[in-house]
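S.K.: Dropping the structure in here first, questions after.
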Amino acid sequence: NDRGRDSCWLEEEAAEQQRPPGKWRRWLLVIFLLALLIAGLAFVPRIEHFSVTGSQNLTAADVMEKCGLFPGQHLLSIDREGVKDAIEADPHYVLQGYAYHFPNGFEIKVTERNRDACVRHLDRDIIIASDGTVLEVGQIGSFPDVLRLQGLSVTGYALGEHIGVQDDFQLNVAGKVLDILRSSGHVADYDLIDLSNPVDLKLLSKNRITVR
């Protein structure tokens, strides 16, 4: 009986020694996963060249400074939402998207809003894009080179937001006229658009000719 018990004990001991302890199995799994992660990061591209397209004024250096980007940065470490927020903090720009260019290029695509018109409200001149987005605000007379909208009743404004007006139809009509003038290259030929009667617009040219 003693021999039988000793034999069973020895067999159980041998079997136990052949099995890796549970904690060692867990450590082996962790090490394996870390090795996979490190190996994966080794193949993630490092961006050496950043570029900006769609704007003549916003440079790659500007974006890198605003967004904390730097040469040698891993592609996966680029905070795309942070880049969007940093760029669109300036209402002149709208982020359109990104593109990775093999092997180490990263393109940031933007649209630049145009300073299409100036609207006067109380003691301020407000620069807007043709879609009504407020781009700049200054003292009266601060923007003599920008075409002026007359007869538009403003109710409120904030940088980067759509200007508040009493009559949206007036603003929509003005936006379409501004787009036509810009696409045809004639924005610089006019000083003023009179929106007092949006179904009978009057445009005053720089040589003081009224066009209806």
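The values are calculated or read from the model by the stated rules, or taken from the named source; none is laboratory data. If you're wondering where the values come from, they're calculated on a predicted model, not measured in any experiment. As a convention, Cβ positions derive from the backbone with ideal geometry for all residues, glycine included, and neighbour counts pool all protein chains shown. Only protein heavy atoms, including side chains, enter the accessible area calculation; ligands, DNA and RNA are left aside. Shrake-Rupley method; radii C 1.70, N 1.55, O 1.52, S 1.80 Å.
S.K.: Has the stretch 180-191 got at least one residue that is surrounded by fewer than 17 Cβ atoms within 10 Å (Cβ to Cβ) and within 11 Å of VAL119 (Cα to Cα)?
M.R.: Scanning the stretch 180-191, I find no residue that is surrounded by fewer than 17 Cβ atoms within 10 Å (Cβ to Cβ) and within 11 Å of VAL119 (Cα to Cα), so the answer is no.
S.K.: Name the residues in the stretch 102-127 that are part of a strand (DSSP E or B) and under 19 Å from the mean Cα position of the chain (by Cα), would you?
M.R.: As a first pass, look at the stretch 102-127 and keep what is part of a strand (DSSP E or B): 105-112, 117-121, 124-127.
Passing the criteria: GLY105, PHE106, GLU107, ILE108, LYS109, VAL110, THR111, GLU112.
S.K.: Quick one: in the stretch 94-139, which of the residues that are hydrophobic (A, V, I, L, M, F, W, C), farther than 24 Å from ARG182 by Cα and free of Cβ contacts under 8 Å to residues at least 40 places away in the same chain is most open to solvent (accessible area, probe 1.4 Å)?
M.R.: To start, the set of residues in the stretch 94-139 that are hydrophobic (A, V, I, L, M, F, W, C) comprises 94-95, 99, 102, 106, 108, 110, 117-119, 122, 126-129, 134-135, 137.
With farther than 24 Å from ARG182 by Cα added as a condition, the list becomes 99, 102, 106, 108, 122.
So of that shortlist, the ones also free of Cβ contacts under 8 Å to residues at least 40 places away in the same chain come out as 99, 122.
Working: ALA99: 20, LEU122: 143 Å².
My answer is LEU122.
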